[in-house]
Amino acid sequence: METRYLKSLLAVVDSGSIAEAARTEHLTAAAIGQRVQVLERELGFALLSRSGHAARPTPACSQLLARMRRLVREAALLQSDVGTDGLSGSLRIGAVSTLLTGLLPCALRRFTQAAPDARAVIVPDTSRGLYRLLQAGEIDAALMVAPPFAWPRALRAVALRAEPLVLLAPPGTRGRPATLLRRLPYIRYDPNAWGGRHAAAWLADQQIAPTVLCDLDALEAIALLVADGMGMSLVPQWPGIERFSADCRVLPIPGAAYARQMVLASPAAPDFPRLLELLQQSLQAPPA
C-alpha cells in the first residue's frame, strides 16, 4: 500500500475537500480522487462520503485514521533516519499565542540556522489543546502552560520561564491592586484556562470578588481592552507585555505561587531527539 496515497487521503479528511487537498498536495483533484479509489479497491470498502464539494471519512475510514497517520508518520521518519547528525526532518511544534509572538521567533531563527535541513511546522492552540495533540502524537513538542496535574510518564517537560502575576490597569488609575479590583470592572483571564487559574487563586486568597466584565483566554486582547479603559485584569507577565506599557499601568503582584509556568513539553521517547534538543537549546539561549 502506497503511503503517499494514505497521505493524500488524510489531506482530504483534514481539509474536508478533495479540491483543497489537491492544492495542499500539489496535485490535481483527479489525481487525488484516483489515489483514494486505489485505496478503496485495496481495502474493499468506501473511504469517503461525498456531498457536493465536501468529502468526509466514512465510519469505516474513521476507525482507521489513527493507524493511517502512524503509517504516514513512520514512512516520513525513514528518510530523516538516514541523516547521520539527526538534524533533518519535519518537527511539529505547538505553541500558545503569547509564545508564538514572544519567545518562539528568535528561537526559530537559531534553530533553522543550526539545522538548515530541518523544517519547523508551527501549530497554534491553547495549552489544553496542545496537551491533547501531544498525547495523540500529532505534534512533536509544545510550548505551553504547565498543566494543573502531574505529567504522565509518556510525556516530559522542561521549564522555560516563570511569568509572575501582574495587574493591568488603565492609564491614570491610582491605588493598590486590591483597592482597584474592588472598584473597577474586571476583565477576567478565563479561569478555565490553565494560565487563568493563578489569577483566580490570588483573588480567592485575598477574598476579592471583582465585578466581572467578561472572560477571555487571549492576553493581548485583554491588554487592548484595558488600554481602552474598559477595566483592569490580572495577567501573567508574558514576553511582549511591554508593548502595552505605554497604554496601561503594570503593577506587580507579590507571590511566586501565582506565577504562570511555561514549559517545553514533548514525548518521553521523541521521534527526533536531536532536533528536540536543538529546539530546547534555542529556546533557552540568552537574547542576542
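Annotations
- Test: residue in the range 90-112 that is closer than 30 Å to M1 by Cα, without any contact (Cβ under 8 Å) to a residue 40 or more places away in the chain and exposed (fewer than 14 other Cβ atoms within 10 Å of the Cβ): no
Table: residues versus (1) assigned to a strand (DSSP E or B); (2) under 30 Å from M230 (Cβ atoms); (3) in the same structural domain as A269 (by TED's automatic domain parsing); (4) of a type in the set (D, E, K, R).
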site	(1), (2), (3), (4)
T112	no, no, yes, no
P116	no, no, yes, no
A120	yes, no, yes, no
E138	no, no, yes, yes
L143	yes, yes, yes, no
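- Scope the range 174-190; condition modelled with pLDDT under 95 and either among the hydrophobic types (A, V, I, L, M, F, W, C) or touching a helix residue (DSSP H, G or I) at 6+ places or on another chain (Cβ under 6 Å) (or both); matching residues: A178, L180, L181, L184
- Among (1) on the phi > 0 side of the Ramachandran plot; (2) within 26 Å of the chain's Cα centre (by Cα); (3) of a type outside the set (D, E), the one test that H26 misses: (2)
- Counted residues, the range 2-26 - those being part of a loop (DSSP other than H, G, I, E, B) and either modelled with pLDDT under 90 or touching a Leu at 6+ places or on another chain (Cβ under 6 Å) (or both): 2
- Screening V212 against (1) at pLDDT below 95; (2) surrounded by fewer than 20 Cβ atoms within 10 Å (Cβ to Cβ); (3) hydrophobic (A, V, I, L, M, F, W, C) leaves a single unmet condition, (1).
- Exactly one residue among D247, D205, D217 is outside the structural domain of L130 (by TED's automatic domain parsing), crowded, with 18+ Cβ neighbours inside 10 Å and charged (D, E, K, R), and that residue is D217.
- Residue match in the range 3-12 (condition: over 25 Å from E138 (Cα atoms) and in contact (Cβ under 8 Å) with a residue 40 or more places away in the chain): no
- Scanning the range 34-44 for residues that are over 14 Å from V13 (Cβ atoms) and either surrounded by 12 or more Cβ atoms within 10 Å (Cβ to Cβ) or touching a strand residue (DSSP E or B) at 6+ places or on another chain (Cβ under 9 Å) (or both) gives Q34, Q37, V38, L43.
- Filtered residue count, the range 224-263, keeping only those that are closer than 27 Å to A107 by Cβ and either in contact (Cβ under 8 Å) with a residue 40 or more places away in the chain or aliphatic (A, V, I, L, M) (or both): 20
The values are calculated or read from the model by the stated rules, or taken from the named source; none is laboratory data. Bear in mind that the values here come from a model prediction, so they are computed numbers and not experimental data. Positions of Cβ are backbone-derived with ideal geometry, glycine not excepted, and every protein chain shown enters the neighbour counts.
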